[in-house]
Amino acid sequence: MEPVFKEARRIWTKPTAQPNQYGLFRQTFFLEKPLKKVRLRLRADNRYAAELNGRWIPAQQYADYPFYPVYDEIELPDDWLSEGENTLMVLGYCQNEDSSTYRKGEPSLIYELTGEGRVLAASGTATLCTEQTGFICGSVERFSGQLSYSFRYDAARAFNPLYRPAWLLPDEGAAYHPRPIPQLETGQPTRARIVAQGVFRQAEEPESGRRMQAAWLRHKPFAQIARGSAWLPSEEGTAFSCGEGDGIYVVLDLSEEQAGYLLLDLETPRPCRIDGGVGEHLEDLRVRTAVGGRNFAFTLRTAGGRCRFFWPIKRLGCRYLQLHVESTRVRLYYAGLRPVEYPVSAGRMPEGLDGLQRRIYTVSVETLRRCMHEHYEDCPWREQALYAMDSRNQMLFGYDAFGETVFPRENLRLLSLGLREDGLLELCAPAKVPTNIPAFSLIWITALAEYYEKTGDRAFIRDMLPVVRRVLDIFSGWEGEGLLRNRPEYWNFYEWNPGLDGVAPRIGQGEADAPLNAFYAMALRAASALFGAVGDGQATACARQRVRKLQRAYRQAFYSPERGAYRLSTAPERREVYAELTQVLTLCAGLCADPAEQEALTRRLPGGEFQPSVTLSHRIYYYQALLRYADLIPEAMRDVEVHWGPMAFAGATAFWETSAGASDFEDAGSLCHGWSAAPVYVYHRVFAGDGYPRHPELHVQGNGRLQA
């Protein structure tokens with residue numbers, strides 16, 4: 001592999017421990033003639049936005065760990081360089097505090113620009129820098145604990161910046177790795193429609209989100225205060241004017257759930273403050289900018305006149321955008337997002353779906369797409385975090401939806417790099433999170449085996465096996481009388497249902513939960529297949545033996561002959577809870593050994609006998625259990641319509657975190673969540689060719705409904 005950054009040094013504006021850091025870096029170079037084969041390599045801790053001769057380079061830093069730095073390489077058009085003076089500008093950003101999407105490293109930037117094999121510019125002594133970027137550094141509002149900082153921007157602070165030589169940082173010693181996935185694609189600004197407008201009175205709140213949430217709003221008819229089109233972008237702009245209140249508010253609808261970079265283009269007669277907020281719904285009759293400790297808002301101070309503002313540092317996930325402009329007049333040319341997507345194409349929709357099923361399938365695929373960027377994300381709005389449990393679902397559904405395997409592989413690798421000293425994987429990657437869910441490390445092993453089943457990629461499996469062994473070794477130390485015993489220092493979460501969310505009451509030391517042991521059985525079976533793939537017979541036999549031992553202990557601890565079902569836990573307060581999740585995990589993990597008993601238990605699932613019912617996050621296990629029996633397939637299909645149909649009829653353009661929608665989690669429910677695309681999996685197995693046999697016991701009638 002060609003060495004990179006041979007003439008480059010790591011740089012920043014100055015050594016700092018302050019969080020939320022911005023720095024602008026500039027290097028000018030001269031050419032006697034334009035060159036071809038122009039490439040820019042760069043790596044930032046942890047974000048960058050680059051321009052060459054005033055043209056923004058549509059690229060973004062891969063999400064990496066400080067000890068495993070990844071550089072991006074972007075091939076640029078030949079005509080971007082010119083004879084004479086050329087200027088490379090890079091806005092560097094460093095969050096500089098741990099969160100669910102970033103592990104704290106050191107604020108830094110390294111780059112090199114080449115043309116026809118020559119280094120034209122490289123970070124180092126020739127680089128100038130300034131902190132006069134317009135962005136307020138240090139502690140400002142956070143979108144959420146997972147996403148960390150929002151931004152405050154003051155245009156006056158960006159005028160006539162004073163540049164000085166960049167600070168040279170010592171070599172970090174870690175080898176640089178090439179970006180393992182394609183660059184994301186940035187689209188043109190999505191159309192936005194003004195759906196509400198009026199005047200507001202400002203609330204006395206220090207944070208932008210709470211200011212907007214508590215502001216007094218008075219609606220005004222569009223024709224009364226606006227001239228121009230309700231659709232943006234608009235070359236002429238839409239002019240708003242009203243002398244009441246503290247300013248003008250506008251709510252815009254992007255037509256569907258989007259994930260992308262904020263773009264504003266507006267004009268005010270004098271300097272003013274603008275608060276902006278993003279959200280997925282208007283259930284508060286405004287964008288919900290503040291919920292709990294979260295702040296889905298930002299602040300922009302204009303210098304007066306026309307202001308074009310673009311923020312390609314963090315993506316925003318939303319459908320609606322609200323602006324509070326502290327001015328009696330404003331002309332709005334555009335307010336919205338430039339959508340950003342991972343470059344993947346949807347495969348062929350299964351044949352035989354009726355109208356509702358096609359809608360459910362299409363929205364499921366779009367849900368997956370909105371949750372794929374540098375890595376899988378649980379949701380594009382609230383967290384943008386990579387979890388092993390969520391991503392296992394997204395991988396499984398994505399194999400059918402897209403037929404692409406590079407992205408799943410690199411997500412599995414990224415998760416593996418988060419191996420902790422205690423032998424578990426970090427809750428999120430690349431990140432450092434104070435809490436951990438043991439079951440998620442086990443689910444990662446299952447996802448790895450599913451990747452191998454799909455690809456046959458033995459080389460990658462060999463790379464991952466040391467992590468598999470380490471994780472299983474740790475869990476083997478948790479065994480007692482054949483079962484995994486709970487460790488109270490961890491979060492024993494399984495799904496968002498009472499008694500299964502690990503919140504209260506906490507299960508004490510030495511108790512055992514059926515779901516954790518079922519995930520353990522799945523992981524052992526997956527590991528057995530992985531060891532077999534590389535010819536490790538001894539490890540394969542050992543994993544199978546541990547499954548048999550677990551199977552016996554599991555039945556003894558959790559099976560109730562009277563109920564013919566499995567208890568949630570050995571803990572006294574949960575011993576008589578027969579959750580649906582427990583039953584489906586037992587079936588999928590192969591812990592119900594008697595075929596007749598297995599079938600009898602499966603056939604009881606559609607009746608709703610077992611409560612609480614499985615949520616959307618783990619509904620896939622419910623379907624995997626039912627789809628083993630041809631005559632239960634209609635039950636699975638009806639269940640999809642029961643759970644996903646209401647969302648589709650409600651106009652959802654992406655599927656929700658839970659069936660409760662935005663009101664869940666104390667009004668912080670996500671309306672686009674990757675784990676909720678399970679219908680893709682179901683429909684492909686029932687209707688598609690793709691190696692999955694159609695069931696001869698079933699036929700499709702008139703409206704496309706399956707009939708037994």
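The values are calculated or read from the model by the stated rules, or taken from the named source; none is laboratory data. Keep in mind it's a predicted model, so treat the numbers as computed, not measured. As a convention, Cβ positions derive from the backbone with ideal geometry for all residues, glycine included, and neighbour counts pool all protein chains shown. All accessible areas refer to the heavy atoms of the entire protein, side chains included, with ligands and DNA or RNA removed. Shrake-Rupley method; radii C 1.70, N 1.55, O 1.52, S 1.80 Å.
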Other residues with Cβ under 13 Å from the Cβ of residue 494 give, with Lys and Arg +1 and Asp and Glu -1, a net charge of -3
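From the cross-link list 14/104; 6/314; 104/314; 6/432, which pairs have alpha carbons spaced over 22 Å apart? Intermediate results must be reported in sequence, preceding the final value.
Values: 14/104 17 Å; 6/314 29 Å; 104/314 16 Å; 6/432 31 Å.
Result: 6/314; 6/432 exceed 22 Å.
Can you tell me what the convex hull of the Cα atoms of region 291-401 projects to on average, as an area in nm²?
10.5
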Given the -39500 (n - 2.57) contribution per DSSP H run of 4+ residues, what per-residue ellipticity at 222 nm results for the chain, rounded to the nearest 500 deg cm²/dmol? -8500 deg cm²/dmol
Debye sum, Cα scatterers, region 334-456, no solvent: what log₁₀ I/I(0) at q = 0.11, 0.23 1/Å? -0.42, -1.35
The rounded separation in angstrom of the Cα centers of region 116-184 and region 297-314 is 18
On alpha-carbon atoms, Rg over Rh for region 103-155 using Kirkwood Rh? 1.12
What number do you get for the chain when its Cα radius of gyration is normalised by 2.2 N^0.38 Å, N = residues? 1.02
Which cross-chain or sequence-distant (5 or more) residues have an amide H under 5 Å from the amide H of residue 215, H modelled 1.01 Å from N in plane? 203
Label points 7 Å out from Cα along the Cβ direction at residue 53 and residue 354: separation in nm? 6.0
So, over other residues within a Cβ distance under 14 Å of residue 549, counting Lys, Arg +1 and Asp, Glu -1, the net charge is +4
Net charge over other residues, Cβ less than 15 angstrom from the Cβ of residue 146 (K, R count +1; D, E count -1): -2
Rounded to whole Hz and in sequence order, give me ³J(HN,Hα) for region 98-107 from the Karplus expression 6.51 cos²θ - 1.76 cosθ + 1.60, θ = phi - 60°, writing x for Gly and Pro. 5, 7, 6, 10, 7, 9, 4, x, 9, x
Using each residue's phi in region 220-225, evaluate 6.51 cos²θ - 1.76 cosθ + 1.60 at θ = phi - 60° and report the 3J(HN,Hα) Karplus result to the nearest Hz, with x for Gly and Pro. 10, x, 3, 5, 7, 10
What FRET efficiency comes out for the pair residue 603/residue 489, r = Cβ-Cβ distance, R0 = 45 Å, nearest 0.05? 0.70
Checking the cross-link filter: which aspartates and glutamates have an alpha carbon closer than 19 Å to that of residue 549, excluding same-chain neighbours under 8 positions apart? 473, 479, 481, 511, 513, 594
Enter the Cα centre distance for the pair region 13-42 and region 625-673, rounded to the nearest angstrom. 47
Measure off, as a whole percent, the carbon and sulfur share of the 1.4 Å-probe accessible area of the chain, all protein chains present. 48
Which residues does the label zone of residue 218 cover in region 196-210, counting backbone N under 14 Å from a point 7 Å along Cα→Cβ? 198-202
Calculate the length of the line joining the C-alpha centroid of region 565-618 to that of region 444-507, in whole Å. 19
Using modelled backbone amide H atoms (1.01 Å from N, in-plane), which distant-in-sequence or interchain residues come within less than 5 Å of residue 60's amide H? 184
On alpha carbon coordinates alone, what is the Rg over Rh value for region 222-274, Rh being the Kirkwood radius? 0.96
